[in-house]
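Asks: Handing you a structure now.
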Amino acid sequence: MRRPEPMPYFEIQLTPKLQRVYDIVPDTVIGRGPQCQIQLLSRAVSRRHARVEFGDQGEAIISDLGTKNGIKLNGQRIQGAAVIGEGDVLVVGDVSMVFRAASRLEVAADALDFRDRPPAREDLPRALMAQASFLIRADAGQVATFQQTIARARIERLEFDEATRFKLQIALKEALDNARVHGSKNDRARTIVVTFSEDPDEFLMQVKDEGPGYDFEQRLAGATEVDAMEAIRNRPALGPGLGLRIILNCIDRLQFEGRGAAITMGKFKEGGQIFVISDESDMGAAGDVDPMAVTDDDDGGYGEVFGMPLPGGPAGGAAPFRDEDSEDGPLRLR
């Protein structure tokens, strides 16, 4: 038997916004036991519950390993084995998962490499393509430059309102700081890979680092989102571990892969997925002081991207966010 390319995977919904992704390798066993390639910690799942294999044509086949609670495929219990396809919904015991036949967001073959040079104006056309990938060093200066130029240019051209675009920049900032500080340990010899992708339904941002990952389910236990703008104003008072809660408030879905060395953040467009829970918040109440707001004296970073004015303030060219090396600053997941 051969494994098809690209590699398929399962999406498991942990919360309304949070997903975990499991790659499917040949002879993947699903169950409660620690030896399983996909371990589901539910009492309704047997120690060895199901097996996924690939047929001669690359089709994925799931088999029930003789369990009491069985497997449902699109609402119908299967008998023995069944072929599964893109978008099929499986219930293993009481755990629901979606089968994806195509690979997740992947690094573009023509990724722009900014590890040894700064972004330039001529990079913009490729950066604004429907899918584009970028290589940057785990260096505070490079990360800040990438965000204030390429990332801002890409996000500002999205057909979202200004508050939503600003929240996407906040989410990306938190993910990049996590990759740099916790994943890469500020080792500028390591690479961070950023990929943007857009289709008619959704805009995606993926951040990958070269770190060993972490047990994110344990670290995420009990995490709840917090209003992003309020958190920025009162970050010291809210304590560590705040980055994830900020990200959850800024996007519609957050997907962790493998051991957590890659995250994908998605924002649905109007008319896209109707099940999305979106918790948009006001940019601030009257009388609140927003340290990132644009004023006559300080543009808050809403300057120019390669000479092009951005909404929200005068040209200035400053970095859009303060860089924070503090362990209590960025997303603290490692």
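The values are calculated or read from the model by the stated rules, or taken from the named source; none is laboratory data. All of these numbers come straight from a predicted model, not from anything done at the bench. Positions of Cβ are generated from backbone atoms using ideal geometry, with glycine treated the same way; all protein chains shown enter the neighbour counts. In case anyone asks, the SASA skips ligands and DNA or RNA and just uses the protein heavy atoms, side chains included. Shrake-Rupley method; radii C 1.70, N 1.55, O 1.52, S 1.80 Å.
Asks: Taking 7 Å along the Cα-to-C-beta vector as the label spot, tell me the Ala163-Glu53 distance in nanometres, rounded to one decimal.
Replies: 5.4
Asks: What is the distance, in nm, between label points placed 7 Å from the Cα along the Cα-to-Cβ direction at Arg188 and at Asp116?
Replies: Result for the modelled spin labels: 1.5 nm.
Asks: How high is the relative contact order of segment 138-214, given as a whole-number percent (alpha carbon pairs under 8 Å, six or more residues apart)?
Replies: Averaging sequence separation for qualifying contacts and normalising by length gives 31 percent for segment 138-214.
Asks: Around Ala50, what is the net charge, scoring Lys/Arg as +1 and Asp/Glu as -1 over all other residues with Cβ under 14 Å from its Cβ?
Replies: That sum, taken over residues with Cβ under 14 Å, equals +2.
Asks: Ranked highest first by average number of other Cβ atoms within 10 Å, how do 26-32, 62-68 line up? Kindly include the intermediate steps, with their values, before the conclusion.
Replies: Details: 26-32: 18.3, 62-68: 14.9.
Ranked from most to least packed, the peptides come out as 26-32, 62-68.
Asks: So which of Lys72/Lys269; Lys185/Lys269; Lys72/Lys208; Lys185/Lys208; Lys17/Lys185; Lys17/Lys68 end up more than 23 Å apart by C-alpha?
Replies: From the list (Lys72/Lys269; Lys185/Lys269; Lys72/Lys208; Lys185/Lys208; Lys17/Lys185; Lys17/Lys68), the Cα-Cα distance tops 23 Å for Lys72/Lys269; Lys185/Lys269; Lys72/Lys208; Lys17/Lys185; Lys17/Lys68.
Asks: Follow-up question, since we're still on this one. Subtract the Cα-Cα distance of Ala102 and Leu14 from 0.36 nm times their separation in residues, and report this length gain in nm to one decimal.
Replies: Numbers: separation 88, 0.36 × 88 = 31.68 nm, distance 2.11 nm.
Roughly 29.6 nm would be gained on extension.
Asks: Heavy atoms only, probe 1.4 Å: what % of the accessible area of segment 94-185 goes to carbon and sulfur, would you let me know? Show your work: numbers first, answer last.
Replies: Numbers: 1690 of 3420 Å².
Ligands and nucleic acids excluded, carbon and sulfur reach 50 percent.
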